[in-house]
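Trainee: This is the structure, below, for whatever I ask next.
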Amino acid sequence: MQLRVSSSAAVAAILLTAATPSWADWRDDVGTLRIGVLADAGPAVTRVRLEGFRAFLEGRTELPVELVPARNLAALVDAQVTGRTAYALHSAFSYVDAVARCDCVEPIAAPVARGGASGFHALIVARSSASIDDLEDLAGRRLAVTGPDSVAGYLAPLQALADVGLDPGNDLDELVPAADPADALTMLFTAEADAAVAWSSLTGDATAGYDFGILTAMVAAGDLVMDEIAIVWQSPEIPFGPHVVRADMPAELKVLLADALTSLDEEAPEILDAVDRSTYGGGGFRLIQEDAYGYLAAIVTGGTEGDER
């Protein structure tokens with residue numbers, strides 16, 4: 001997969017699909033570009049952290065740009081689908097939720113990790129000595145999972161079990177609740193679970209726990225040796241959360257925003273560090289389309305059957 005598309009190619013692709021090429025007054029129509037952001041550290045801290053990004057987009061679009069902090073992902077989605085914001089920095093899950101609610105939004109770009117990964121994989125792992133080779137072997141076993149709103153820690157693994165005909169409530173001995181993926185993995189070695197959820201890039205040095213993810217963190221901390229575990233199941237790649245615009249945004253503005261994002265790593269790396277919201281990012285942004293999130297969308301809407309991903 002080519003992770004970067006030239007700005008000229010991006011511009012040409014979008015311009016060719018524009019229905020009406022008359023954009024002389026679109027800036028007057030837009031007025032202020034309002035961008036929804038998750039205020040996980042509080043509105044004031046979020047505004048300070050993203051001020052460089054706000055100013056960068058203001059310069060690239062020649063529009064006033066305002067950050068609109070949201071208290072949680074549900075509020076972030078609501079603001080965009082109701083038109084109070086035209087642009088939002090989504091998680092993969094909140095983007096899929098927004099599409100399910102109104103089909104009025106579209107992704108323009110998503111972060112890339114320093115090592116080149118475009119996303120992560122949900123995993124189910126077991127101890128190497130446990131004789132658990134595939135999902136069917138989990139029948140009658142205990143699976144450690146995290147909260148029910150977690151993609152890698154609950155939604156994707158349980159859908160995988162359903163896809164092979166296993167009902168966790170009836171066919172597994174127990175779903176063991178864990179505080180987080182590290183807690184779930186620890187349960188493998190405290191005899192509290194037979195298998196556990198995890199997440200990883202699955203790129204890079206396997207002995208180091210790969211490039212990023214919970215396996216990487218636990219190996220680095222000295223809490224895990226990769227020879228001790230085996231991967232029982234892995235999901236297709238789930239792309240990182242995208243930057244998303246409303247579908248009715250002027251086409252030229254979409255071009256300017258996509259071009260700005262894909263140039264961040266070269267033009268303003270200090271802003272990139274603030275805006276990709278991850279410790280494993282840093283590789284810039286790539287253009288992305290809705291179908292990249294098809295696997296996750298199928299899970300959210302009730303099943304993966306027939307999904308080519």
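Trainee: What's the number of the only condition in (1) surrounded by fewer than 17 Cβ atoms within 10 Å (Cβ to Cβ); (2) not assigned by TED's automatic domain parsing to the domain that holds P269 that A74 fails to meet?
Mentor: Status for A74: all satisfied but (2).
Trainee: Within segment 151-171, how many residues turn out to be out of contact with any strand residue (DSSP E or B) (no Cβ under 6 Å at 6 or more places or on another chain) and without any contact (Cβ under 8 Å) to a residue 40 or more places away in the chain? So that I can check it myself, show each step before the final result.
Mentor: We begin by selecting, within segment 151-171, every residue out of contact with any strand residue (DSSP E or B) (no Cβ under 6 Å at 6 or more places or on another chain); these are 151, 155, 158-159, 161-167, 169-171.
If we keep only those that are without any contact (Cβ under 8 Å) to a residue 40 or more places away in the chain too, we end up with 158, 161, 164-167, 169-171.
Residues meeting the conditions: 9.
Trainee: Would you check if S200 is under 30 Å from T32 (Cα atoms), small (G, A, S) and under 22 Å from the mean Cα position of the chain (by Cα)?
Mentor: On the way: under 30 Å from T32 (Cα atoms): no; small (G, A, S): yes; under 22 Å from the mean Cα position of the chain (by Cα): yes.
For S200, the condition - under 30 Å from T32 (Cα atoms), small (G, A, S) and under 22 Å from the mean Cα position of the chain (by Cα) - is not met.
Trainee: If only one of A98, A109, A88, A195 is crowded, with 16+ Cβ neighbours inside 10 Å, touching a Lys or Arg at 6+ places or on another chain (Cβ under 8 Å), touching a residue at least 40 places away in the same chain (Cβ under 8 Å) and more than 26 Å from A217 (Cβ to Cβ), which one is it? It would help to see each step written out before you state the result.
Mentor: Details: A98 fails: touching a Lys or Arg at 6+ places or on another chain (Cβ under 8 Å); A88 fails: touching a Lys or Arg at 6+ places or on another chain (Cβ under 8 Å); A195 fails: more than 26 Å from A217 (Cβ to Cβ).
Exactly one residue qualifies, and that residue is A109.
Trainee: Among the residues of segment 32-48, count how many are in a helix (DSSP H, G or I) and touching a helix residue (DSSP H, G or I) at 6+ places or on another chain (Cβ under 6 Å). So that I can check it myself, show each step before the final result.
Mentor: If we filter segment 32-48 for residues that are in a helix (DSSP H, G or I), which is where we start, we get 43-48.
Next, only the ones that are touching a helix residue (DSSP H, G or I) at 6+ places or on another chain (Cβ under 6 Å) stay: none.
Count: 0.
Trainee: Moving to a separate point now. Could you please let me know if G282 is surrounded by 17 or more Cβ atoms within 10 Å (Cβ to Cβ) and under 23 Å from T46 (Cβ atoms)? Explain how you work it out, then say what you get.
Mentor: Working: surrounded by 17 or more Cβ atoms within 10 Å (Cβ to Cβ): no; under 23 Å from T46 (Cβ atoms): yes.
Here the answer is no, as G282 does not meet what is asked.
Trainee: Any idea which residue in segment 204-235 is nearest to L73 (Cα to Cα), counting only those that are modelled with pLDDT under 95 and touching a Lys or Arg at 6+ places or on another chain (Cβ under 9 Å)?
Mentor: Going through the qualifying residues, I end up with F212.
Trainee: What number goes with the only condition from (1) part of a loop (DSSP other than H, G, I, E, B); (2) over 23 Å from the mean Cα position of the chain (by Cα) that D29 does not pass?
Mentor: Failing condition for D29: (1).
Trainee: Here is a further query. Which of the residues belonging to segment 49-66 are surrounded by 13 or more Cβ atoms within 10 Å (Cβ to Cβ) and assigned to a helix (DSSP H, G or I)?
Mentor: Of everything in segment 49-66, those that are surrounded by 13 or more Cβ atoms within 10 Å (Cβ to Cβ) and assigned to a helix (DSSP H, G or I) turn out to be R49, E51, G52, F53, R54, A55, F56, L57, E58, R60, T61.
Trainee: Which condition does V245 not pass, out of (1) buried (at least 20 other Cβ atoms within 10 Å of the Cβ); (2) of a type in the set (V, I, T); (3) within 14 Å of L123 (Cβ to Cβ), if it passes all the others?
Mentor: Against the list (1) buried (at least 20 other Cβ atoms within 10 Å of the Cβ); (2) of a type in the set (V, I, T); (3) within 14 Å of L123 (Cβ to Cβ), V245 comes up short only on (3).
Trainee: Kindly indicate the residue of segment 144-192 that is touching a Ser or Thr at 6+ places or on another chain (Cβ under 9 Å) and assigned to a loop (DSSP other than H, G, I, E, B) and also surrounded by the fewest Cβ atoms within 10 Å (Cβ to Cβ) among those meeting that condition. Full working, then the answer.
Mentor: Filtering segment 144-192 down to residues touching a Ser or Thr at 6+ places or on another chain (Cβ under 9 Å) leaves 144, 151-154, 156-157, 159-160, 162-163, 177-181, 183-184, 192.
Next, from what is left, pick out any that are assigned to a loop (DSSP other than H, G, I, E, B): 178-180, 192.
Working: A178: 23, A179: 10, D180: 14, E192: 16.
Taking the candidates together, the pick is A179.
The values are calculated or read from the model by the stated rules, or taken from the named source; none is laboratory data. Remember, predicted model here, so these are calculated numbers, not experimental data. We place every Cβ from the backbone using ideal geometry, glycine too, and count neighbours over all the protein chains shown.
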